[in-house]
Number of protein chains: 2
Amino acid sequence: MKIRLEQCMPRVGDINGNTHLICQAMQAAERHHCDLLVFPELVLTGYPPEDLLLRPIFMDEVEKSVQHVIGQSKQSIVVFGAPRFDGDCLKNSAFVACHGQLVAVYDKQRLPNYGVFDEQRYFVKGNGENAVVEVNGWRIGLGICEDLWHDELVSKQAKQGCDVWLNLNASPFHEGKQQQRESLTAKRAKQFGCPVVYVNPVGGQDEIVFDGGSHLMDASGELLLRASLFVPTSCDVDLTSVDCCIHDIPQRMQQIYQALVLGTKDYVQRNGSTQVVLGLSGGIDSALTAAIAVHALGKENVLGVLLPSSFSSDHSIKDALDLVENLGIESITLPIAESVSALEHTLAETFKTWGKEKADVTEENIQARARGVLLMAISNKTGRMLLTTGNKSEMAVGYATLYGDMAGGFAVLKDVYKMDVFALCHYLNQAQQVIPQNTIDKPPSAELRPDQKDSDSLPDYEVLDAILKASIEDRLSVAEIVALGYAEDEVKRIVHLVNLAEYKRRQAPPGIKITEKAFGRDRRYPITHAFRMF
Amino acid sequence: MKIRLEQCMPRVGDINGNTHLICQAMQAAERHHCDLLVFPELVLTGYPPEDLLLRPIFMDEVEKSVQHVIGQSKQSIVVFGAPRFDGDCLKNSAFVACHGQLVAVYDKQRLPNYGVFDEQRYFVKGNGENAVVEVNGWRIGLGICEDLWHDELVSKQAKQGCDVWLNLNASPFHEGKQQQRESLTAKRAKQFGCPVVYVNPVGGQDEIVFDGGSHLMDASGELLLRASLFVPTSCDVDLTSVDCCIHDIPQRMQQIYQALVLGTKDYVQRNGSTQVVLGLSGGIDSALTAAIAVHALGKENVLGVLLPSSFSSDHSIKDALDLVENLGIESITLPIAESVSALEHTLAETFKTWGKEKADVTEENIQARARGVLLMAISNKTGRMLLTTGNKSEMAVGYATLYGDMAGGFAVLKDVYKMDVFALCHYLNQAQQVIPQNTIDKPPSAELRPDQKDSDSLPDYEVLDAILKASIEDRLSVAEIVALGYAEDEVKRIVHLVNLAEYKRRQAPPGIKITEKAFGRDRRYPITHAFRMF
């Protein structure tokens, strides 16, 4: 039995394009005499289609395309995911087709409704019908994504016995996810006593990235095949042979970097841009963002803008220019002094009348916002998307200016803690220097007032990130975090800042989920709430 | 049997405060010799607590407070809503307590997971146990919010027979909602053959407003009691008497206005501000927003800022100053010319090098963003929250500048179509002129270039709003909207603009839901998608 795992790149909502992609893959599978061709979950609509599913015209087109795909099937058994109406109920389904005929439909039984998932907003769960179907003399087991994770469900299926068990997925990346998937499919293969096929798509979709990682476990739970992560590919495996084809799982930093590159590329390009612009401060966040943009879009498509102020140190400008040279990108310099002083002058009389002339965070924000306006002007004038450069540690504690450095269409590092920003720069610099060494070595600073350092108002990033992870990802209480060895005052202050900054995050651009708990749809907190965390 | 409907104002996350509020109401009910005291759904946590529910420390405190409330119960039977763990499963429950003892717990059986609701993200549904409980010789039926709407569920309950049926709610306002509620409770009362008590809270919570509207239907489906909408109140009703106390349902414009006032007041105050600032353009949106802010917070707490440019007409300044006088608020004037020309000067050399000196949307956005920076500077310097003034029609088609006029903590009119902005101004001006007549009469304009009018680039608002409602609220296809009598080109253009502007809306501040389908959590579209709506 020759099986093809189609690790493809569907686009959300692109029903015609996805149908075309499916039909082309079917023709290729015929040419290669595959017995079975397996696509990801909801390949016809892309994942997640969200409220598009609630538009009647959307489902009309889905239904037509499902029929078209079925009609195009030939010798190879084709299994593909699409939504379908079962009476009034919308289901998340796997269609099995062959010789131009529909053989069976299986409906997803476990609908995830946690984290980034909202499937129960749209779908009604299946009843287990056609969990095992017989086609061309083979008994094929079927599951869709979340189904795989529920022991009580697969135990039932295992008893029915099958020759191969297929799992159609739309499983978003977070670091370490591939290992989790494979340890589970290995367990299931042993449970079923048959090979398990796991097919996952590739591509960035708003806040999430599908990293592929399609694979096949044999009946003993041994890996026979693993597709390359982060690239679209068709992989064939012959169950009667013992040939293995196992691409490596990238190391942690490489995984994260590839996810950031793919997520950025797809967000920018799928939203109709080819080029981007970003501010270069000489700091590490903008340097890493620029490097990722160059990798994703090509150096000719990245414009760096230096926006020095009177508080910018000489090394900031030099570091930014060194980066520009290392990356080979175009850059311009737009000093902000004139704009800042005009804005401040306009406000001066009013502030004086109020007796509030003393500089405070207002004046810091004016600088950040003048930069935001200038960058957006470049974006508007050229059609380049503005990338914003803040990291997760900053997003968490609100160490960022709304409409200032938070301005932009996409926040590349939104889910990357500062310590991982450093680690990613070290990873990038392994082969040759991409990020200027001084950018990595100097103490982080927003440079919004003389001699300002991040460490003036925040703990060391090592401590900050550990406290943040404990609170955000592990949901520990203040007492529990203190018990891990952190100072109570510091923990309280950080937890308080995370709460306070919810209103800023609500207006932040989307960014790529790379951790188990990203800001955005993955973490839904009220802005207005009075819960005392301590 | 004397029943008290406690239409209170819990705050999300304020477990101690809500517990105190519940206990005080219990003491009052004792003093008034009430037999039964009914609170809203999840009164102990406020609604919706969102991902706070996933924090162990949050549920620990909830559990302690539930026990405390039960312990405080005396003669009056108390029914209140709170989440609870049933083993590992979180349930949305109604607790029945009396004489310091827990009598019964009922778990919500139908968990809404559509629109603004995400209950299946948190809760497991109940199995119907204790849907009718016997206390002090009365048979009391129980339901929580969505339960009421499901015929198959209540039919089962109706057969068990009860003396009174209680529905605990957290039902957000949209226009016309109260009539929907009452027609349903009337139906249920007849089905059950017993009085139905509907208790709903009051208050603004991020994007939603709870409007109260608690009421009681007798066994024949006649309304015996209706609490005032939009105000916290305790209402007593004696089932053995025939006295009615029925507060009017406000007219449509009054309903919407009250929702906007309450939503604004609670958002601003519950997030720690007492004062607001907003830009006054002389136009109708900012005028209405200012009037609402004055009603919500008091005229002494509203600061209007005039930000004239060289494109501002004389009447704009006069209209804004007339409004300031009508409302009796403080105002300042910050001309933007100096800031705009500094920003443009900084960019001039670059634009010239690129051969892009010709003014386009870039220069319009610079004006809007200079205003945004100045307003945020006032906000930062004074601690006033900045209100943004755009309406739903603009939000829909993206006729607004990100980080410019979209900047602000709260978007009061975000869900109010432009035609309703006009209607609200007429409503406000009934008794005396609040909104200057010229502000209402003149053609709407963003005044970002000479002689600009909204009608240059958009259809008349009557047509625009009708197309938008058909597409957004009724989810009609382009063909279906054209069939209603609108020009195909215009419909296509509008539908396209709504799609394009999703990225802007994702960075918009929250605003008050007043329609059946508000932007925000109520409507979840991908930013990145390729579905062709036509």
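The values are calculated or read from the model by the stated rules, or taken from the named source; none is laboratory data. Everything numeric here is computed off the predicted structure, so don't read it as measured data. When we count neighbours, we look across all protein chains shown, and the Cβ atoms used for this are built from the backbone with ideal geometry, even at glycine. Surface areas here come from the heavy atoms of the whole protein model, side chains and all, with no ligands, DNA or RNA. Shrake-Rupley method; radii C 1.70, N 1.55, O 1.52, S 1.80 Å.
The figures follow:
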{"item": "Unique match (being of a type in the set (A, V, I, L, M) and either touching a Phe, Trp or Tyr at 6+ places or on another chain (Cβ under 7 Å) or open to solvent by less than 30 Å² (accessible area, probe 1.4 Å) (or both)) among A:Ala337, A:Ala370, A:Ala359", "result": "A:Ala370"}
{"item": "Meets criteria (modelled with pLDDT of 95 or more and within 23 Å of the chain's Cα centre (by Cα)) for B:Ala396", "result": "yes"}
{"item": "Enumeration of residues in the stretch A:382-396 that are part of a helix (DSSP H, G or I) and open to solvent by 10 Å² or more (accessible area, probe 1.4 Å)", "result": "A:Thr382, A:Glu394, A:Met395"}
{"item": "Residue that is more than 24 Å from B:Leu424 (Cβ to Cβ), assigned to a strand (DSSP E or B) and at pLDDT below 95, where the choices are B:Val242, B:Val237", "result": "B:Val237"}
{"item": "Criterion (touching a residue at least 12 places away in the same chain (Cβ under 8 Å), of a type in the set (Gly, Ala, Ser) and facing chain B (nearest Cβ under 10 Å)) met by exactly one of A:Ala501, A:Ala508", "result": "A:Ala508"}
{"item": "Filtered residues of the stretch B:476-499 (kept if over 16 Å from B:Ser393 (Cα atoms) and either of a type in the set (Ser, Thr, Tyr) or open to solvent by 70 Å² or more (accessible area, probe 1.4 Å) (or both))", "result": "B:Ser477, B:Ala479, B:Glu480, B:Ala483, B:Leu484, B:Tyr486, B:Glu488, B:Asp489"}
{"item": "Which numbered condition A:Val154 misses (of (1) within 28 Å of the chain's Cα centre (by Cα); (2) more than 14 Å from chain B (Cβ to nearest Cβ))", "result": "(1)"}
{"item": "The stretch A:57-70, residues that are touching a helix residue (DSSP H, G or I) at 6+ places or on another chain (Cβ under 9 Å) and either at positive phi or open to solvent by 20 Å² or more (accessible area, probe 1.4 Å) (or both)", "result": "A:Ile57, A:Glu61, A:Lys64, A:His68"}
{"item": "Matching residues in the stretch A:407-425 - criterion: being assigned to a helix (DSSP H, G or I) and aromatic (Phe, Trp, Tyr)", "result": "A:Phe422"}
{"item": "Yes/no for B:Pro49 being over 28 Å from the mean Cα position of the chain (by Cα) and closer than 29 Å to A:Val478 by Cα", "result": "no"}
{"item": "From B:Leu262, B:Leu288, residue being farther than 15 Å from B:Thr389 by Cβ and part of a helix (DSSP H, G or I)", "result": "B:Leu262"}
{"item": "Residue selected from the stretch B:129-148 under the condition open to solvent by 20 Å² or more (accessible area, probe 1.4 Å) and closer than 30 Å to B:Arg55 by Cβ, by the criterion farthest from the other protein chains (Cβ to nearest Cβ)", "result": "B:Asn130"}
{"item": "The one condition in (1) in contact with an Asp or Glu (Cβ under 6 Å, 6 or more places away or on another chain); (2) at the interface with another protein chain (Cβ under 9 Å from one of its Cβ atoms); (3) surrounded by 21 or more Cβ atoms within 10 Å (Cβ to Cβ) that A:Leu347 fails to fulfil", "result": "(1)"}
{"item": "Residue match in the stretch B:313-321 (condition: closer than 22 Å to A:Leu375 by Cα, buried (at least 24 other Cβ atoms within 10 Å of the Cβ) and at pLDDT 95 or above)", "result": "no"}
{"item": "Residue check for A:Val199: within 18 Å of A:Arg4 (Cα to Cα), crowded, with 18+ Cβ neighbours inside 10 Å and more than 27 Å from the chain's Cα centre (by Cα)", "result": "no"}
{"item": "Verdict on A:Lys469 being open to solvent by 70 Å² or more (accessible area, probe 1.4 Å) and either outside the structural domain of A:Arg371 (by TED's automatic domain parsing) or not in a loop (DSSP other than H, G, I, E, B) (or both)", "result": "yes"}
{"item": "Odd one out for A:Ile332, checked against (1) at the interface with chain B (Cβ under 9 Å from one of its Cβ atoms); (2) part of a helix (DSSP H, G or I)", "result": "(2)"}
{"item": "Those residues of the stretch B:434-459 which are part of a loop (DSSP other than H, G, I, E, B), at pLDDT 95 or above and open to solvent by 10 Å² or more (accessible area, probe 1.4 Å), in sequence order", "result": "B:Val434"}
{"item": "Condition check for A:Val412: open to solvent by less than 10 Å² (accessible area, probe 1.4 Å), in the same structural domain as A:Ile336 (by TED's automatic domain parsing) and at negative phi", "result": "yes"}
{"item": "Every residue from the stretch A:511-534 that is more than 8 Å from chain B (Cβ to nearest Cβ), open to solvent by less than 30 Å² (accessible area, probe 1.4 Å) and charged (D, E, K, R)", "result": "A:Lys513, A:Lys517, A:Asp522"}
{"item": "Filter result (open to solvent by 20 Å² or more (accessible area, probe 1.4 Å), farther than 19 Å from B:Met59 by Cα and within 14 Å of another protein chain (Cβ to nearest Cβ)) within the stretch B:112-128", "result": "B:Tyr114, B:Val116, B:Phe117"}
{"item": "Qualifying residue in the stretch A:352-361 (condition: in a helix (DSSP H, G or I), closer than 11 Å to B:Lys381 by Cβ and either assigned by TED's automatic domain parsing to the domain that holds A:Asp405 or among the charged types (D, E, K, R) (or both))", "result": "yes"}
{"item": "Filter pass, A:Gly46 being within 14 Å of another protein chain (Cβ to nearest Cβ), crowded, with 24+ Cβ neighbours inside 10 Å and either in contact with a Pro (Cβ under 6 Å, 6 or more places away or on another chain) or in contact (Cβ under 8 Å) with a residue 12 or more places away in the chain (or both)", "result": "yes"}
{"item": "Per-region count, the stretch B:1-40, residues touching a residue at least 40 places away in the same chain (Cβ under 8 Å), surrounded by fewer than 23 Cβ atoms within 10 Å (Cβ to Cβ), aliphatic (A, V, I, L, M) and within 14 Å of another protein chain (Cβ to nearest Cβ)", "result": "1"}
{"item": "Qualifying residue in the stretch A:270-281 (condition: of a type outside the set (Phe, Trp, Tyr), closer than 23 Å to A:Lys418 by Cβ, outside the structural domain of A:Pro40 (by TED's automatic domain parsing) and outside any strand (DSSP E or B))", "result": "yes"}
{"item": "Count - residues of the stretch A:78-105 that are among the small types (Gly, Ala, Ser), farther than 11 Å from A:Leu142 by Cβ and buried (at least 17 other Cβ atoms within 10 Å of the Cβ)", "result": "2"}
{"item": "Scan of the stretch A:364-420 for residues that are without any contact (Cβ under 8 Å) to a residue 60 or more places away in the chain and among the β-branched types (Val, Ile, Thr), ordered by number", "result": "A:Ile366, A:Val373, A:Thr401"}
{"item": "Flag for B:Ile317 being more than 24 Å from the chain's Cα centre (by Cα) and within 14 Å of chain A (Cβ to nearest Cβ)", "result": "no"}
